[in-house]
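Presented below is the structure to which this report refers.
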Number of protein chains: 2
Amino acid sequence: MKPIRTPVMTSRTLDGLASASLFFKCENFQRAGAFKFRGASHAVSSLSEEEARHGVATHSSGNHGAALALAARLRGIPAFIVMPSTTLGPKKAAVEAYGGKITLCEPTLEARETTLAQVVAETHATFIHPYDDPRVVAGQGTASRELFDECPNLDAIVVPVGGGGLLAGTAQTTKIVSPTTRVFAAEPAAADDAYRSWKAGRIIPSNNPKTIADGLRTSLGNLGFAAIQNLISGVVTVSEEEIVTAMRLVWERMKIIIEPSSAVPVAAVLKREVPGKRIGIILTGGNVDLDALPFNLSK
Amino acid sequence: MKPIRTPVMTSRTLDGLASASLFFKCENFQRAGAFKFRGASHAVSSLSEEEARHGVATHSSGNHGAALALAARLRGIPAFIVMPSTTLGPKKAAVEAYGGKITLCEPTLEARETTLAQVVAETHATFIHPYDDPRVVAGQGTASRELFDECPNLDAIVVPVGGGGLLAGTAQTTKIVSPTTRVFAAEPAAADDAYRSWKAGRIIPSNNPKTIADGLRTSLGNLGFAAIQNLISGVVTVSEEEIVTAMRLVWERMKIIIEPSSAVPVAAVLKREVPGKRIGIILTGGNVDLDALPFNLSK
């Protein structure tokens with residue numbers, strides 16, 4: 001039931017390109033292929049027996065859905081997953097492989113929420129929000145706690161921001177465990193609602209943004225925004241081409257498979273917009289469709 | 001200068017498919033992306049100052065060439081690498097990146113040897129054979145020694161066989177360090193000279209075989225053949241489709257990048273032709289051309 005304590009990897013080549021010592025926390029090796037299992041399993045294990053009996057429900061572009069389905073199965077309860085119709089085939093297959101029951105919807109935040117409300121009304125399942133839930137945020141924070149355990153005295157830690165669950169968990173954990181480390185969010189310029197929200201001082205949601213980083217298309221939630229306002233040092237945006245180039249570099253030089261969302265903080269570090277000599281990066285997941293790889297973009 | 005002590009990974013999914021506990025020694029994370037650096041660096045470090053001054057030379061379909069170029073550069077000496085004209089672009093680029101001087105030749109054993117002899121005559125470099133050299137074999141054996149250190153009591157260990165340097169090193173090491181472990185070689189059916197040599201009791205070379213496992217197109221050498229005759233329990237052959245399926249499975253479920261040659265022993269274990277409950281597998285390398293991936297074959 002517990003998340004895997006994933007390894008921390010390093011790369012001389014990437015250190016050279018970034019002019020810093022980089023420490024990659026490999027959540028692509030996490031159960032269900034992404035850090036999302038940390039939050040999902042923490043939330044599922046916190047349910048009472050009575051709550052658990054009806055199962056759990058969520059909306060997710062993929063990794064949270066698979067993670068919640070797996071966490072539910074490990075507790076022996078049902079999981080109902082609402083997914084946008086644009087979700088990649090392998091992410092749907094993963095949810096199904098873990099026994100999750102999928103309902104498809106239009107790829108907008110509104111459609112997700114409406115469909116999810118119907119599912120919850122029918123099943124009485126407990127809604128586990130993919131990022132705006134303190135139980136989920138607390139679970140996501142364990143990735144950075146393990147990283148600080150192994151790599152103390154980091155100048156900075158960078159995570160991608162979509163809904164902001166990992167960002168909030170990382171920022172809260174860093175404040176407690178490693179208060180001198182600065183926290184940065186990295187975001188696709190093509191889905192830069194966190195950047196704009198940070199600049200504006202209020203949440204500015206995005207509407208069906210187009211980015212290869214499919215895990216980061218969701219809009220920033222309240223807990224993520226609170227972290228951005230109070231706990232972090234900046235939001236760095238990167239282009240689609242920078243994402244693909246960073247992803248390719250990690251595949252070719254580190255020999256590990258990361259999904260585009262994971263390449264977003266790598267791209268931020270490679271363009272040297274994250275200050276510091278010792279920088280932690282959370283590689284958030286490794287779930288890609290091998291039949292639809294983006295590398296021709298970078299040629 | 002020393003090889004990296006690479007991690008050992010496991011996978012519940014692959015264990016389930018193989019009905020065994022599998023321990024993957026990740027030489028895809030080795031310097032220059034393959035176990036070949038172990039043999040190359042061991043050989044280069046064993047040269048006298050006088051020998052070293054003229055540099056080293058070899059013929060290689062890729063990984064040994066890159067490994068030798070890197071080992072030479074780390075000692076500050078030149079490396080002359082003869083490569084078949086069919087070598088993949090990234091493997092040539094790797095040799096060049098490490099400062100190796102490439103001479104291209106026809107993709108036959110005869111052309112390799114003739115061209116190499118010319119290069120050695122001109123440069124007075126020391127020829128470091130990619131597999132039929134006891135210094136190289138001793139270096140390759142260190143991968144299995146580390147695996148046994150970490151995972152004692154293996155019933156079997158499986159390695160791919162091309163020229164047989166890794167096989168010989170593994171078999172010799174196993175005999176000393178873990179004598180109850182049975183050693184198996186795995187080979188593409190499309191380049192099955194080791195299998196046929198094993199059955200015939202004499203070396204039967206292959207001639208320009210066609211297999212996706214580009215690291216295994218070379219014919220079995222004398223040291224590999226001696227290991228096959230005296231030290232191992234069998235040679236398992238696998239089809240091209242089985243190689244691609246196994247490669248895809250490792251990419252998708254373990255989230256690591258392995259080259260086709262590394263998938264050959266995985267395929268052997270997945271078809272359950274390697275007996276035992278605890279099986280070690282050496283994932284030999286991770287150097288692939290991301291622009292020419294073979295996954296459409298497995299659909």
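FYI, it's all coordinate maths here, none of it is from the lab. From a predicted model like this one, the values you see are computed outputs, not experimental measurements. Because the Cβ atoms are built from the backbone with ideal geometry, glycine has one as well, and the counts that use them run over all protein chains shown.
How do A:19-25, A:39-45, A:149-155, A:258-264 rank on mean C-beta neighbours within 10 Å, highest first? It would help to have the intermediate numbers written out before the result.
Working: A:19-25: 20.1, A:39-45: 25.9, A:149-155: 14.6, A:258-264: 28.7.
Per-residue mean Cβ counts within 10 Å order the peptides as A:258-264, A:39-45, A:19-25, A:149-155.
Taking the protein assembly as shown on its own, what percent of its Cα-Cα pair distances exceed 36 Å?
Details: 70177 of 178503 pairs.
Every Cα pair in the protein assembly as shown considered, those over 36 Å come to 39 percent.
Based on the alpha-carbon set only, what is the convex hull volume of region A:141-248 divided per residue, in Å³? Mind showing how you got there, number by number?
On the way: hull volume 10.2 nm³, N = 108.
In region A:141-248, the Cα convex hull volume per residue is 94 Å³.
Under 17 Å from a label point 7 Å along Cα→Cβ of B:Thr180: give me every residue in region B:1-43 with its amide N that close.
Only B:21 pass the distance filter.
With the contact rule set at Cα under 8 Å and sequence spacing of 6 or more, what percent relative contact order holds for region B:36-127? Walk me through the numbers on the way to the answer.
Working: 172 pairs, mean separation 28.9, N = 92.
Over region B:36-127, the number comes to 31 percent.
Given a 10 angstrom Cα cut-off, can you work out which residue in A:Gly201, A:Gly139, A:Gly165 is the most mobile in a GNM of chain A?
Among A:Gly201, A:Gly139, A:Gly165, the largest GNM mean-square fluctuation belongs to A:Gly201.
Determine, from the Cβ-Cβ distance of A:Ser233 and B:Arg75 and an R0 of 60 Å, the FRET efficiency 1/(1 + (r/R0)^6), rounded to the nearest 0.05.
Numbers: r = 44 Å, r/R0 = 0.73.
After rounding, the FRET efficiency stands at 0.85.
Going by Cα centres, region A:22-52 and region A:238-261 are how many Å apart?
Each part's Cα centre sits 23 Å from the other's.
How large are Rg and Dmax for region B:36-127 when calculated on the C-alpha trace, in angstrom?
Rg, Dmax (Cα atoms, Å): 11.9, 35.
From other protein chains only, count the Cβ atoms within 10 Å of every residue's Cβ in A:282-293, then give the mean.
On the way: counts 0, 1, 0, 1, 6, 2, 3, 2, 9, 6, 0, 4.
Shielding by partners across A:282-293 averages 3.
State, to one decimal in nm and shortest first, how far the label point of B:Gln229 sits from each corresponding label point in the other identical copies (label point: 7 angstrom along Cα-to-Cβ).
8.0
Using mean Cβ contacts within 10 Å as the protection proxy, how do A:236-243, B:172-179 order, highest first? Please list the in-between numbers first.
Working: A:236-243: 20.6, B:172-179: 17.6.
Taking the mean over residues of other Cβ atoms within 10 Å, the ranking is A:236-243, B:172-179.
Quote the convex hull volume per residue of chain B, based on C-alpha atoms, as a whole number of Å³.
Working: hull volume 33.4 nm³, N = 299.
Convex hull of Cα atoms, per residue: 112 Å³.
Express in nm, to one decimal, how much length is gained between B:Glu241 and B:Ala200 on full extension, taking 0.36 nm for each residue of separation and deducting their alpha carbon distance.
12.1 nm
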